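Q: Sharing a structure with you now.
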Amino acid sequence: MGLDLDLESISEATSGAVGSLVSTTLLYPLDTCKTRYQAEVRGNDRAKYRNLSDVFWEAISTRQVLSLYQGLETKNLQSFISQFVYFYGYSYFKRLYVETSGVKSIGTRANLVLAAAAGACTAIATQPLDTASSRMQTSAFGKSKGLWKTLTEGSWIDAFDGLGISLLLTANPAIQYTVFDQLKLRLLKRKNKTGKDSSPEALSAFTAFVLGAVSKTVATVLTYPAIRCKVMIQAADEDDGENPQPKSSKTIPAVLCAIWKREGIFGFFKGLHAQILKTVLSSALLLMIKEKISAATWVLLLSIRRSLLLTRGRLKSA
């Protein structure tokens with residue numbers, strides 16, 4: 001029984017990780033443009049990127065289109081590991097909670113706590129890779145360094161830049177699911193008043209997708225200032241050729257101060273539209289791919305398990 005449960009956790013983790021790998025690769029140019037745009041903190045008169053598209057046109061004009069993929073290997077590694085750790089940890093924590101509490105179903109609050117715990121474990125385990133990928137994306141086009149060189153430029157403490165904000169951002173799913181549940185409840189109540197079925201199954205796949213996108217957008221808007229601060233803290237040092245400009249101190253107060261002085265209150269939401277676009281597309285792709293391959297992953301793992309048991313039986317009989 002324990003082995004079956006472990007296989008279920010591994011199946012969920014593997015399918016989620018593969019889905020993340022594919023979605024990250026497909027959306028990586030958009031992610032690079034978004035990250036570079038978010039990382040720049042200058043007044044409007046001195047801004048290098050006035051729009052998100054300016055990053056893309058810079059890559060084209062300098063014949064560095066492939067540089068939009070700089071750091072892709074590190075991002076894919078971080079994405080694969082983070083999704084595997086998250087889905088495995090989430091499945092493991094759920095199983096542990098059910099076994100210790102004796103409940104048959106997990107409530108919304110307990111579910112959010114378990115998701116936050118899995119998110120915290122993921123953030124700690126993958127923070128160096130997250131920092132490295134952000135530095136690679138924000139390096140000058142064509143001048144990105146390898147993973148090891150990027151991580152060893154400073155101390156190992158620097159590799160965990162933004163960890164505090166990453167832990168804070170584990171609240172993002174909690175906000176998303178709370179908004180989703182409230183919207184679903186109101187929609188079902190309205191259907192009930194019109195005499196329609198008020199069960200949870202009454203929500204169509206399209207309605208659930210729309211509610212999911214809206215709830216994710218709300219969560220992103222509420223946590224976006226923290227998201228941008230994290231990008232700025234992890235970004236590579238600016239290098240403008242003859243006049244390199246040193247970055248502000250990598251502390252949350254210093255970054256908040258820099259945004260306020262140079263860009264005003266709206267600076268805290270610079271790049272929000274790109275973040276929402278990338279997040280919604282990424283989440284939709286990840287879940288779609290995960291659902292498509294989860295059954296195949298489960299069958300594959302069962303086949304491997306059966307093969308191992310047969311081999312073990314033959315060895316014992318010999």
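Q: Ordered by packing density, taken as the mean number of other Cβ atoms within 10 Å over each peptide's residues, highest first, how do 151-157, 34-40 rank?
A: 34-40, 151-157
Q: Express the accessible area of the range 124-197 per residue in Å², computed with a 1.4 Å probe while the remaining protein chains stay in the model.
A: Working: 4230 Å² over 74 residues.
In whole numbers, the range 124-197 has 57 Å² accessible per residue.
Q: Using bins 5 angstrom wide from zero, how does P(r) for the range 1-157 break down, in % of all Cα pairs?
A: Once binned at 5 Å, the Cα pair distances of the range 1-157 give 1, 9, 14, 16, 15, 13, 11, 8, 6, 4, 2, 1, 0.
Q: How would you order 13-26, 48-61, 85-98, 108-121 from highest to lowest mean count of nearby Cβ atoms within 10 Å? The partial results should precede the final answer.
A: Working: 13-26: 21.0, 48-61: 15.0, 85-98: 19.4, 108-121: 17.1.
Listed from highest to lowest mean packing, they are 13-26, 85-98, 108-121, 48-61.
Q: So what are the ³J(HN,Hα) numbers for the range 212-226, from phi and the Karplus equation (6.51, -1.76, 1.60; θ = phi - 60°), rounded to whole Hz, Gly and Pro as x?
A: The phi angles translate into x, 5, 5, 5, 5, 5, 4, 4, 5, 4, 5, 9, 4, x, 5 Hz.
The values are calculated or read from the model by the stated rules, or taken from the named source; none is laboratory data. Predicted model only: the values in this text are computed from it and were never measured. All Cβ positions, even for glycine, are placed from backbone atoms using ideal geometry, and neighbour counts span all protein chains on display. Each accessible area value is taken on the protein alone, full model and side chains, heavy atoms only, with ligands, DNA and RNA left out. Shrake-Rupley method; radii C 1.70, N 1.55, O 1.52, S 1.80 Å.
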